[in-house]
Amino acid sequence: MRQRSHDSELDRFCGRCGAPTELAIPPHDHIERAVCSCCGFIRYQGPRLLVLAVIFAENRMLMMRRGRAPYAGSWALPGGYVESGETPEAATIREVREETALVLSPEHLIPFGTLSVPAMNQVHCLFIARLERCSPISPHPPESLEARWCLRSELKEQSLWQPAYEFDMDLIYSCGTSDRFDFYQRTADWMRVITDGTKIRQVWLRQ
């Protein structure tokens, strides 16, 4: 089946000379791309990179209530887009500070998972951080309406943003409140967690 690159307003005009583009499959390629009708420049558009922060302290996880779409009003992890020239770690620190006022350092961040969302042309990098105490936090409207350190018993699934429905929240809390290292891997068709060395547990599989 012929694939097509993700549509974008940027595809309509050449990023080099500004001339209109045409959709075509370049030689030795298999995906329809935006090709400049004047200079021949080809726009290769990869997925956008986002980050999410899973932060624990005193058996509580840091959550923020979203103020913007999508999922406005739902409780979610701090996170957002990685900017041009920015590392995922730096983006995580910036987004957490902007949304909750909590200041992290790169040493706090441990890789925790990857989420591939081809339908939205996105890839998410997850980091986990385990802090000694619940530091003061505050929301930053309109990005975040509330920020809270939540016990597992206080977290109601129906109030969470939709992507959380495919996570095992009990397993995440167990990982965040212990020294065990887990790594989540999610694609459009399945999610698994790598834990206890190289043990693999399938969380869900789309039939």
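The values are calculated or read from the model by the stated rules, or taken from the named source; none is laboratory data. Just so you know, these numbers come straight off a predicted model, no measurement behind them. Methodologically, a virtual Cβ is constructed for each residue, glycine included, from the backbone with ideal geometry; neighbour enumeration extends over all protein chains shown. Note: areas computed on protein heavy atoms with side chains; ligands, DNA, RNA excluded. Shrake-Rupley method; radii C 1.70, N 1.55, O 1.52, S 1.80 Å.
So what is the relative contact order for region 34-91, in percent, with contacts set as C-alpha pairs under 8 Å and at least six apart? Worked out over region 34-91, it gives 30 percent.
Largest accessible area first, the residues Met64, Met120 order themselves as Met120, Met64 under a 1.4 Å probe with ligands, DNA and RNA left out.
Region 82-149 and region 175-190 have Cα centres lying 16 Å from one another. Placing +1 on the Cβ of every Lys and Arg and -1 on the Cβ of every Asp and Glu, with no other charges, gives the chain a dipole of roughly 260 debye about its Cα centre. Candidates Gly40, Pro136, Thr87 compared by Cα position along the dipole of the chain: farthest toward the positive end lies Gly40, with charges placed on Cβ. Which of Asp179, Asp189, Asp29 moves most in a GNM of the chain, Cα contacts under 10 Å? Of Asp179, Asp189, Asp29, the Gaussian network model singles out Asp29 as fluctuating most.
Where nothing but the Cβ of Lys and Arg (+1) and of Asp and Glu (-1) is charged, how large is the charge dipole of region 52-100 around its Cα centre, in debye to the nearest 20? Value, rounded to 20: 280 debye.
Of Pro118, Pro163, Pro26, the residue with the greatest mean-square motion in the GNM of the chain, using alpha carbon springs below 10 Å, is Pro26.
Each 5 Å bin, from zero up to the one with the longest distance, holds this percent of the alpha carbon pairs of region 115-207: 3, 9, 18, 21, 22, 16, 8, 3, 0.
Once all protein chains are placed together, Cys17 keeps about 70 Å² accessible to a 1.4 angstrom probe.
Springs between alpha-carbon pairs under 10 angstrom, Gaussian network model over the chain: which of Arg186, Arg16, Arg130 fluctuates most? Result: Arg16 has the largest fluctuation of those listed.
Please report the antiparallel percentage of DSSP beta bridges with both residues in the chain, rounded to the nearest 5. Numbers along the way, then the final one.
Values: 37 of 53 bridges.
Bridges in the chain are about 70 percent antiparallel.
Each eigenvalue of the Cα gyration tensor of region 40-135, multiplied by 5 and square-rooted, gives one semi-axis; in descending order these are 26, 16, 12 Å. Note on the chain: Cα Rg divided by 2.2 N^0.38 Å, N the number of residues, gives 1.18. Dividing the radius of gyration of the alpha carbons in region 157-198 by their Kirkwood radius gives 0.99 for Rg/Rh. In terms of overall dimensions, the C-alpha atoms belonging to region 140-179 reach 34, 21, 16 Å along their principal axes, ordered largest to smallest. Determine which residues of region 111-152 fall in the zone a paramagnetic label at Arg206 would reach in this model, i.e. backbone nitrogen under 17 Å from the point 7 Å along Cα→Cβ. Inside the label zone: 114-124.
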